[in-house]
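> Below you'll find the structure I mean.
The values are calculated or read from the model by the stated rules, or taken from the named source; none is laboratory data. Note that the coordinates shown come from a computational prediction; the quantities given were computed from them, not determined experimentally. No Cβ is skipped: glycine too gets one built from the backbone with ideal geometry, and neighbour counts run over all protein chains shown. Calculation scope for accessible area: heavy atoms of the full protein, side chains included, ligands and nucleic acids excluded. Shrake-Rupley method; radii C 1.70, N 1.55, O 1.52, S 1.80 Å.
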Amino acid sequence: MSAALWEARADLVVVGTGVAGLTAALRARELGLRVLVVTKASVADGNTRWAQGGVAVVLPDEHDEGDTVDAHVRDTLVAGAALCDEDAVRAIVGGGPAAVTRLRERGAVFDAAPGGRLARTREGGHSAFRVVHAGGDATGAEVERALVAATSDGHVPVLEDHVAVDAVRTPLGQVCGLLVLDGNGVPGVLTAPAVLLASGGLGQLYQATSNPEVATGDGLALALRAGAVAADVEFVQFHPTVLYTGRGARGRCPLVTEAVRGEGAVLVDAAGARVMRGVHPLEDLAPRDVVAAAITRHLADAPGGVDDHVFLDATGISEFARRFPTVHAACLRAGVDPAREPIPVAPAAHFACGGVVSDVDGRTGVTGLYAAGEVARTGLHGANRLASNSLLEGLVVGTRAAEAVAADLAMGVLARCTGTAELPVAPVADRDSLQRVMSRYAAIGREAEGLAVVGSVLDLSTADRVLDSRRLVEDAALTLAARALIAAAAEREESRGCHVRTDFPVRDDAGWSRGQVVRLNPSGQPVLADPVARAVGVA
Ligand code: SIN
């Protein structure tokens with residue numbers, strides 16, 4: 001183990017350069033804090049830029065269709081399958097209009113409808129057209145462009161190519177900095193009384209995902225090792241429609257935004273039958289968990305001899321290429337013309353609904369450690385996230401977290417230290433084996449036996465390693481995230497939201513209308529809830 005060889009100082013260190021991280025950094029800067037942002041890749045390489053559909057928000061001044069914040073709250077609660085925290089939902093959804101206004105002031109340009117109001121689309125689970133978008137289906141790219149441009153004035157330094165390894169803590173367990181590896185693998189410490197994790201999700205737990213290769217659950221692992229707790233980690237959302245590019249697709253698969261269904265496309269199987277007919281009153285616009293599970297069930301019968309993809313018939317959408325340029329380009333690259341033929345699609349891992357337990361101001365149960373965006377579990381998503389609520393959450397909670405840090409600094413409740421730290425030793429599984437076994441046994445459709453197989457394969461392929469490279473940090477995070485997920489998934493003997501148990505196919509409201517909390521035991525293994533964990537706000 002080697003000690004840190006270099007040091008930098010700030011009031012706030014932000015890990016991640018997606019919507020939550022950059023929004024927080026900009027707000028912290030406005031509040032006069034010295035901010036340092038770190039990313040293990042390049043500034044724009046995160047998940048945000050791949051978001052397509054948009055930002056779900058009710059903008060009262062601009063719409064005339066009777067939509068309300070209350071309706072958006074209701075849709076979020078329904079999609080979340082009774083596991084959302086209603087107060088958190090109200091706070092985040094209610095904060096949407098101001099957050100989008102601030103983002104537009106920072107330069108983001110959303111698509112306009114005739115008459116000059118913002119254009120809106122609809123996605124699964126929404127009772128109204130309330131999803132604002134940019135560049136047709138390139139909303140995340142525009143949000144990221146605007147935020148990166150706003151941080152490029154030199155006042156928000158970004159350390160690219162630096163991977164966060166572990167929190168630096170005081171003897172009392174307060175976070176007071178971050179141990180990182182620079183691009184050459186040299187360890188250093190960023191000393192700061194506040195560290196905000198905005199490091200995104202964990203789609204790389206699976207072979208096929210809409211997430212980029214950076215989505216390896218690093219923030220979740222770091223937070224657990226720092227003494228924070230996580231919740232709802234069994235709820236990994238599978239997007240119903242990524243572009244099917246052949247059997248055994250690996251890595252990031254191009255998304256086919258749900259807005260394509262919002263504008264009239266329907267799912268059909270290889271024999272031409274409608275997949276969602278009779279499954280849910282909203283048919284193709286049912287919440288995402290319902291659609292992804294229905295596709296998976298449908299494929300078990302191999303309709304038309306096809307068992308690994310269905311088709312999205314968007315041939316009725318006029319000017320498809322203009323409305324959905326990103327999807328159109330991806331389809332053309334795969335040899336499919338969506339204007340003339342149905343698009344082959346399949347479900348793929350998309351979003352971690354759970355994460356580090358934090359409140360809507362980003363505070364975790366560990367002093368000095370904050371979380372925002374996909375890495376956090378605020379209670380907004382429950383058992384299944386409503387479409388386009390993720391950019392919204394990043395914008396609202398990113399801002400609020402920066403304000404919370406400023407307030408906590410002013411109150412003198414945060415710790416300063418001159419800490420150094422050793423590179424940790426942690427269990428690291430073989431990534432390929434992990435992804436294969438998670439995809440086979442812990443995706444849509446889980447059962448006790450399969451989850452136990454995941455545990456056994458992890459046991460066999462895991463060794464303790466010093467985390468002295470980005471690859472090892474990522475693999476250790478994937479290992480810990482997989483362990484936490486299978487522990488929670490095995491315990492939850494029911495089906496709800498994104499968690500589908502084939503051996504317990506029914507939702508059990510009497511037994512399971514509650515979240516599960518995960519923490520690390522003294523030997524570093526994830527274990528399920530205890531009364532202390534419940535005290536931080538998970539029922
Ligand atoms: C999509 O455009 O379908 C994805 C948007 C989201 O994940 O909320």
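> Compare the peptides 31-38, 256-263, 197-204 by average per-residue count of other Cβ atoms within 10 angstrom and give them in order, highest first.
The densest-packed peptide leads the list: 197-204, 256-263, 31-38.
> Between region 414-487 and region 177-226, how far is it from one alpha carbon centroid to the other, in angstrom?
Distance between centres, Cα-based: 13 Å.
> What number do you get for region 128-168 when its Cα radius of gyration is normalised by 2.2 N^0.38 Å, N = residues?
Values: Rg = 15.5 Å, N = 41, 2.2 N^0.38 = 9.0 Å.
Cα Rg divided by the expected 2.2 N^0.38 Å: 1.72.
> Give a residue-ordered list of calculated ³J(HN,Hα) values for region 177-194 (Karplus: 6.51 cos²θ - 1.76 cosθ + 1.60, θ = phi - 60°; whole Hz; x for Gly, Pro).
x, 9, 8, 10, 10, 7, x, 9, x, 8, x, x, 10, 9, 7, 7, x, 9
> Treating the Cα atoms of region 248-384 as identical point scatterers in vacuum, please give the log10 of the normalised Debye intensity I(q)/I(0) at q = 0.14, 0.15 Å⁻¹, two decimals.
With no solvent term, the Cα-only Debye profile gives -0.74, -0.82.
> Mean projection of the alpha-carbon convex hull of region 206-269 over all orientations, in nm²?
Its average projected convex-hull area is 6.0 nm².
> How much length is gained on full extension from residue 448 to residue 493, taking 0.36 nm per residue of separation minus their Cα-Cα distance?
On the way: separation 45, 0.36 × 45 = 16.20 nm, distance 0.87 nm.
Net length gain for the segment: 15.3 nm.
> May I pose another question? Subtracting the Cα-Cα distance from 0.36 nm times the residue separation, let me have the gained length for residue 274 to residue 513 in nm, one decimal.
Answer, rounded to one decimal: 82.8 nm.
> How large a share of the accessible area of region 437-539, in percent, is made up of carbon and sulfur atoms when the probe is 1.4 Å and the other protein chains stay in place?
53 percent
> Now for a separate question. Using modelled amide H (1.01 Å from N, peptide plane; none on Pro or chain starts), what sits under 5 Å from the amide H of residue 7, excluding residues fewer than 5 places away?
It is 189, by chain and number.
> For region 220-225, in order, what is each residue's ³J(HN,Hα) by Karplus, 6.51 cos²θ - 1.76 cosθ + 1.60 with θ = phi - 60°, in whole Hz (x at glycine and Pro)?
Going residue by residue, I get 4, 5, 4, 5, 4, 5 Hz, with x marking Gly and Pro.
> From the helices alone, meaning DSSP H stretches of at least four residues, give me the mean residue ellipticity at 222 nm for the chain, per-run term -39500 (n - 2.57), in deg cm²/dmol to the nearest 500. Write out the running numbers ahead of the final one.
Values: 16 runs with 169 residues, N = 539.
After summing the helix terms and dividing by the residues of the chain, the value is -9500 deg cm²/dmol.
> Continuing with the same structure: If you take the beta carbon distance between residue 109 and residue 503 as r and set R0 to 35 Å, what does 1/(1 + (r/R0)^6) give as a FRET efficiency, to the nearest 0.05?
Working: r = 49 Å, r/R0 = 1.40.
Efficiency, rounded to the nearest 0.05: 0.10.
> Let me ask you something else. Quick one: in region 381-526, what % of C-alpha pairs are over 23 Å apart?
Roughly 55 percent, rounded to a whole number.
> Give me a comma-separated list of calculated 3J(HN,Hα) values for region 144-149, in order, Karplus coefficients 6.51, -1.76, 1.60 applied at θ = phi - 60°, integers in Hz, x for any Gly or Pro.
In residue order, the calculated couplings are 5, 4, 5, 6, 5, 4 Hz.
> Then there's this: Kindly rank 351-357, 225-231 from highest to lowest mean number of other beta carbons found within 10 Å of each residue.
The peptides rank, most packed first, as 351-357, 225-231.
> Bin width 5 Å, origin at 0, all Cα-Cα pairs of region 243-294: what percent of pairs per bin?
Going out from 0 Å in 5 Å bins, region 243-294 shows 4, 17, 24, 25, 19, 9, 1 percent.
> Using modelled backbone amide H atoms (1.01 Å from N, in-plane), which distant-in-sequence or interchain residues come within less than 5 Å of residue 501's amide H?
Residues meeting the criterion, in which the H sits 1.01 Å from N, are 446, 495, 496.
> Any idea how far the Cα center of region 375-413 sits from the one of region 508-526, in Å?
22 Å
> Per the chain: cysteines with no other Cys C-beta under 4.7 angstrom?
84, 253, 331, 353, 498
> Also, quick follow-up: As I understand it, the dipole of region 64-194 uses +1 on the Cβ of Lys and Arg and -1 on the Cβ of Asp and Glu, about the Cα centre. Which of 152, 168, 141 lies farthest toward its positive end?
It is 152, whose Cα lies furthest towards the positive end.
> Based on the alpha carbon coordinates of region 1-128, what radius of gyration and maximum Cα-Cα distance (Dmax) apply, in Å?
Over region 1-128's Cα set, Rg and Dmax evaluate to 18.4, 63 Å.
> So for region 78-117, Kirkwood radius off the Cα pairs, Stokes-Einstein at 20 °C and 1.002 mPa s: how many µm² s⁻¹?
Numbers: Rh = 12.4 Å.
Translational D for this selection: 172 µm²/s.
> Please find the FRET efficiency linking residue 172 to residue 42, where r is the Cβ-Cβ separation and R0 is fixed at 35 Å, and quote it to the nearest 0.05.
0.45
> Keeping every protein chain present and rolling a 1.4 Å probe, give me the accessible area per residue for region 70-113 in Å². Numbers along the way, then the final one.
Values: 1790 Å² over 44 residues.
Heavy-atom accessible area per residue stands at 41 Å².
> Still on this structure, I have one more. Looking at region 83-141, what % of the alpha carbon pairs are farther apart than 14 Å? Mind showing how you got there, number by number?
On the way: 1142 of 1711 pairs.
For region 83-141, the fraction of Cα-Cα distances above 14 Å is 67 percent.
> Also, I was wondering about something else. Hey, can you grab everything whose amide H is under 5 Å from the amide H of residue 465? Only 5+ residues off in sequence or another chain; H modelled, so Pro and N-termini drop out.
426, 428
> Also, quick follow-up: In region 78-149, what percent of the accessible surface is made up of carbon and sulfur (1.4 Å probe, ligands and nucleic acids excluded)? Kindly include the intermediate steps, with their values, before the conclusion.
Details: 1390 of 2540 Å².
Carbon plus sulfur share of accessible area: 55 percent.
> Considering Cα pairs under 8 angstrom that are at least six residues apart, work out the relative contact order of the chain and quote it in whole percent.
22 percent
> May I pose another question? For region 389-503, what is the relative contact order in percent, using Cα pairs closer than 8 Å and at least 6 residues apart in sequence? Kindly include the intermediate steps, with their values, before the conclusion.
Numbers: 99 pairs, mean separation 34.7, N = 115.
Rounded, it is 30 percent for region 389-503.
> Based on the Cβ-Cβ distance from residue 71 to residue 339, what FRET efficiency comes out when R0 is 30 Å, to the nearest 0.05?
E(calc), rounded to 0.05, equals 0.35.
> Ranking request for peptides 389-402, 109-122, 333-346: highest mean number of other beta-carbon atoms within 10 Å first, then the rest in descending order.
Highest to lowest by the protection proxy: 389-402, 333-346, 109-122.
> So what are the radius of gyration and Dmax for the Cα set of the chain, in Å?
21.8, 66
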